[in-house]
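J.: First the structure, which I've put down as structure tokens, then a few questions once you've had a look.
The values are calculated or read from the model by the stated rules, or taken from the named source; none is laboratory data. All values derive from a computational prediction rather than experimental measurement. Cβ coordinates were reconstructed from backbone atoms using ideal geometry, including for glycine residues, and neighbour counts include every protein chain displayed. For accessibility, only protein heavy atoms count, side chains too; no ligands or nucleic acids. Shrake-Rupley method; radii C 1.70, N 1.55, O 1.52, S 1.80 Å.
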Amino acid sequence: MYLVHVGLRAPRGASAPTDLRSLVLSRLGPDDGVEHVSVHPLARPEPVIGLYLRAGSLAEAEEHADGLIRLLLSHCPELADWTPLRAEVPLIAAPFATLPLSYEVSEPLLD
């Protein structure tokens with residue numbers, strides 16, 4: 001399973017609908033491969049829809065998310081003038097560095 005973030009550009013002066021997650025869910029079917037949807041309407045520089053997808057590879061997940069969002073935008077009047085910018089799996093840095101087993105910590109690594 002992959003989390004794919006899809007950034008959206010709103011029309012000038014528009015903001016994300018308050019029911020954006022519901023709009024997305026209402027247009028997805030059981031065969032779309034989506035396990036969960038999250039939305040980040042206030043994300044900067046643009047709103048983001050997060051799709052948790054079943055896919056065979058990272059590239060397949062990104063391509064599938066892009067297609068789903070483009071289909072959503074074309075069939076949802078509330079989002080008709082929105083533009084998908086990118087669909088990508090976010091790369092998140094690990095919170096802890098991997099240390100050799102013999103490494104001794106004299107101070108906490110994190111505050």
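J.: How high is the FRET efficiency from Ser15 to Glu60, r the C-beta distance, R0 41 Å, rounded to 0.05? Can you show the working numbers first?
T.: On the way: r = 32 Å, r/R0 = 0.78.
Rounded to the nearest 0.05, the efficiency is 0.80.
J.: Here's something else I'd like to know. With a 10 Å radius around each residue's Cβ, average the other Cβ atoms per peptide and rank 59-65, 72-78, highest first.
T.: Values: 59-65: 18.9, 72-78: 13.1.
Peptide ranking by packing, descending: 59-65, 72-78.
J.: Can you sort Ser15, Ser57 by solvent-accessible area, 1.4 Å probe, largest first?
T.: Working: Ser15 90, Ser57 45 Å².
Largest accessible area first, the residues go Ser15, Ser57.
J.: Once you charge only the Cβ atoms, +1 for Lys and Arg and -1 for Asp and Glu, what is the size of the charge dipole of the range 1-77 about its Cα centre, to the nearest 20 debye?
T.: On the way: 7 positive and 9 negative charges, 78 e Å.
Taking the Cα centre of the range 1-77 as origin, the dipole is about 380 debye.
J.: Also: If each residue of separation counts as 0.36 nm, what is the full-extension length gain between Arg27 and Leu91 once their alpha-carbon separation is subtracted?
T.: On the way: separation 64, 0.36 × 64 = 23.04 nm, distance 2.74 nm.
Separation in residues times 0.36 nm, less the Cα-Cα distance, equals 20.3 nm.
J.: Hey, can you grab everything whose amide H is under 5 Å from the amide H of Ala43? Only 5+ residues off in sequence or another chain; H modelled, so Pro and N-termini drop out.
T.: Amide H to amide H, under 5 Å and 5 or more residues apart or across chains, Ala43 pairs with Val48.
J.: Counting C-alpha atoms alone, how compact is the range 13-78: give Rg to one decimal and Dmax as a whole number, in angstrom.
T.: Radius of gyration, then largest Cα-Cα span, for the range 13-78: 12.0, 38 Å.
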